[in-house]
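J.: The structure under discussion is supplied below as structure tokens; questions concerning it will follow.
The values are calculated or read from the model by the stated rules, or taken from the named source; none is laboratory data. Computed from a prediction, not measured in an experiment: that's the story for all the values here. Ideal geometry is used to build each Cβ from the backbone, glycine not excepted, and the neighbour counts take in all protein chains shown.
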Amino acid sequence: MSSCITAIGTANPEFRVNQQDAFEFMVKTFALDGPQARRLYSIYEHSGIEHRYTAVADFKHGQPEAYTFFENRPDDPLYACTRSRLKLYQQEAIKVGVQAARNLAAQFDKDIFEQITHLITISCTGMYAPGLDIDLVDQLNLKRTTERTCITFMGCYGAVNGLKTADYICRANPQAKVLVVSAELCTLHFQKEQTLDNWVANSLFSDGSAAALVEHTSNRTGSKPCLELNSFYSEFMPDSRNEMGWYIGNTGFEMKLTPKVPRQIQRNIKAITERMTAKAGLTPQQIGAYAVHPGGRKILEAVEQALDLPEESNAHSYEVLRQYGNMSSATILFVLNRMLSAGGLQGEHVASYAFGPGLTVEGMVLTMQ
């Protein structure tokens with residue numbers, strides 16, 4: 001017997017930004033000339049994103065005199081040190097994390113929080129101690145004896161490792177009820193240097209949170225469809241260490257994201273899929289659906305081309321990208337939530353991937369039950 005994802009809840013900060021408005025904010029902020037603005041517009045136009053969410057009100061208002069997060073220095077109107085960014089993380093991450101968990105709990109007739117035995121928190125966009133885990137215990141009224149595990153700084157694939165840890169717990173203890181909460185505030189780490197890495201990162205990343213309940217299949221709550229966690233797979237690609245990185249700087253966390261990432265995924269994902277499905281006792285031909293982390297439109301297209309998949313196979317991923325952007329580790333849970341809510345895949349095997357620094361692929365094979 002294995003474990004399963006019984007339910008997922010999601011949440012976002014209050015500020016919703018249109019991608020066109022975000023582009024105009026960047027042009028104005030950086031005082032871009034015509035050729036530069038057209039180059040930046042091409043990045044935003046082809047991002048596959050219509051809206052994103054942020055916990056930073058300054059991005060919504062867009063007027064330097066109204067900034068409350070950035071210090072609006074005469075020589076640097078977008079200055080914010082790492083300390084001030086992490087202070088806002090501490091204030092805001094708990095809000096979306098709690099809301100995501102409550103949206104999950106609302107799907108049950110009884111108080112699911114009183115049954116939680118383990119809590120796993122995931123985030124690569126901030127940290128503090130006592131941290132998000134203890135704040136969630138307090139604000140959700142979980143038992144003070146709840147066992148807590150924090151998964152940090154693993155990038156966009158962090159939630160897969162959170163689910164993997166929850167699966168191990170439930171297999172070892174079928175009575176366990178594990179709450180997994182990912183909370184990511186990527187927009188806190190806006191970087192103003194005019195590099196291609198920053199242009200791409202600023203066009204893609206967004207804020208959001210997702211919570212998942214993981215239980216043993218023999219002891220799950222309710223009778224609604226669930227996603228059975230069959231097998232996990234991890235591999236980092238050769239010669240890709242420098243293509244994606246996440247570093248702590250004096251003005252927040254700094255992203256390194258080269259244009260080679262989609263090409264590396266396209267070059268390697270087919271062989272990785274063969275090894276991942278073999279570990280699950282399956283062949284790639286037995287996969288009936290896909291849940292791919294929408295790190296960007298080019299990443300989804302790279303997977304489709306490598307595996308010879310129609311665009312419709314990534315419909316849930318494209319829709320999450322369109323409505324929310326890339327919320328780092330929370331994003332794959334948004335995709336799985338859409339898949340779980342849509343139904344219609346009873347008995348189908350699902351291949352799921354997320355990508356991050358390494359260049360690492362964290363994969364799962366799930367079954368809709």
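J.: Name every residue in the range 139-161 that is part of a helix (DSSP H, G or I) and either within 18 Å of R220 (Cβ to Cβ) or in contact with a helix residue (DSSP H, G or I) (Cβ under 6 Å, 6 or more places away or on another chain) (or both), in order of residue number.
T.: Q139, C156, G158, A159 - these are the residues of the range 139-161 that are part of a helix (DSSP H, G or I) and either within 18 Å of R220 (Cβ to Cβ) or in contact with a helix residue (DSSP H, G or I) (Cβ under 6 Å, 6 or more places away or on another chain) (or both).
J.: Just the residues that are over 25 Å from G295 (Cβ atoms) and either modelled with pLDDT under 90 or of a type in the set (K, R) (or both), please, taken from the range 222-265.
T.: G222, S223, K224
J.: Being free of Cβ contacts under 8 Å to residues at least 60 places away in the same chain and small (G, A, S) is the filter here, so list the residues in the range 92-137 that pass it.
T.: Within the range 92-137, A129, G131 qualify.
J.: Tell me whether the range 196-217 contains one or more residues that are buried (at least 23 other Cβ atoms within 10 Å of the Cβ), in contact with a His (Cβ under 6 Å, 6 or more places away or on another chain) and under 30 Å from L40 (Cα atoms).
T.: No, the range 196-217 has no match at all.
J.: Something else now. Among the residues of the range 295-316, which ones are of a type outside the set (S, T, N, Q), over 16 Å from H46 (Cβ atoms) and touching a residue at least 12 places away in the same chain (Cβ under 8 Å)?
T.: V303, A306, L307, L309, H316, listed by residue number.
J.: Restricting attention to the range 92-119, and to residues there that are more than 28 Å from R16 (Cβ to Cβ) and of a type in the set (V, I, T), which single residue is surrounded by the fewest Cβ atoms within 10 Å (Cβ to Cβ)?
T.: Per the stated criteria, the residue is T117.
J.: Something else: Can you pull out the residues in the range 68-99 that are in a loop (DSSP other than H, G, I, E, B) and either modelled with pLDDT of 85 or more or more than 21 Å from S203 (Cβ to Cβ) (or both)?
T.: Selection gives T68, F69, F70, E71, N72, P74, D75, Y79, A80, C81.
J.: Here's something else I'd like to know. R338 fails exactly one of the following numbered conditions: (1) over 24 Å from G97 (Cα atoms); (2) part of a helix (DSSP H, G or I); (3) within 17 Å of the chain's Cα centre (by Cα). What is the number of that condition?
T.: Status for R338: all satisfied but (1).
J.: Here is a list: L104, L136, L119. Which entry is part of a strand (DSSP E or B), at pLDDT 95 or above and of a type outside the set (S, T, N, Q)?
T.: On the way: L104 fails: part of a strand (DSSP E or B); L136 fails: part of a strand (DSSP E or B).
None of the other options fit; the residue is L119.
J.: Could you go through the range 125-133 and let me know if any residue there is part of a helix (DSSP H, G or I), in contact with a Gly (Cβ under 9 Å, 6 or more places away or on another chain) and either surrounded by 19 or more Cβ atoms within 10 Å (Cβ to Cβ) or among the aliphatic types (A, V, I, L, M) (or both).
T.: yes
J.: Test each condition in (1) at pLDDT 95 or above; (2) out of contact with any helix residue (DSSP H, G or I) (no Cβ under 6 Å at 6 or more places or on another chain); (3) buried (at least 18 other Cβ atoms within 10 Å of the Cβ) for G358 and report the one that comes out false.
T.: Unmet for G358, out of (1) at pLDDT 95 or above; (2) out of contact with any helix residue (DSSP H, G or I) (no Cβ under 6 Å at 6 or more places or on another chain); (3) buried (at least 18 other Cβ atoms within 10 Å of the Cβ): (1).
J.: Under 6 Å between Cβ atoms, at least 6 apart or on separate chains: pull out the pairs that start in the range 317-330 with a residue that is in contact (Cβ under 8 Å) with a residue 24 or more places away in the chain and farther than 18 Å from L257 by Cα and end on any residue that is among the β-branched types (V, I, T) and in a helix (DSSP H, G or I).
T.: Taking only residues 6 or more apart or on different chains, the pairs are S317/V335; V320/V335.
J.: Return a yes/no flag: does the range 306-320 have any residue that is modelled with pLDDT of 95 or more, touching a Pro at 6+ places or on another chain (Cβ under 6 Å) and either surrounded by fewer than 20 Cβ atoms within 10 Å (Cβ to Cβ) or under 19 Å from S182 (Cβ atoms) (or both).
T.: The answer is yes, given that some residue of the range 306-320 is modelled with pLDDT of 95 or more, touching a Pro at 6+ places or on another chain (Cβ under 6 Å) and either surrounded by fewer than 20 Cβ atoms within 10 Å (Cβ to Cβ) or under 19 Å from S182 (Cβ atoms) (or both).
J.: For the range 60-91, what are the residues that are free of Cβ contacts under 8 Å to residues at least 12 places away in the same chain and either touching a helix residue (DSSP H, G or I) at 6+ places or on another chain (Cβ under 7 Å) or crowded, with 20+ Cβ neighbours inside 10 Å (or both)?
T.: Correct list: Y67, T68, N72.
J.: Quick one: G295 ticks every box in (1) in a loop (DSSP other than H, G, I, E, B); (2) surrounded by fewer than 24 Cβ atoms within 10 Å (Cβ to Cβ); (3) of a type outside the set (A, V, I, L, M, F, W, C) except a single one, so which number is it?
T.: (2)
J.: If you don't mind, another one. Looking at A201, is it under 21 Å from G325 (Cα atoms), within 15 Å of the chain's Cα centre (by Cα) and modelled with pLDDT of 95 or more?
T.: Against the criterion (under 21 Å from G325 (Cα atoms), within 15 Å of the chain's Cα centre (by Cα) and modelled with pLDDT of 95 or more), A201 does not qualify.
J.: Right, here's the next one. Every residue in the range 181-192 that is within 13 Å of the chain's Cα centre (by Cα) and within 24 Å of V137 (Cβ to Cβ), please.
T.: V181, S182, A183, E184, L185
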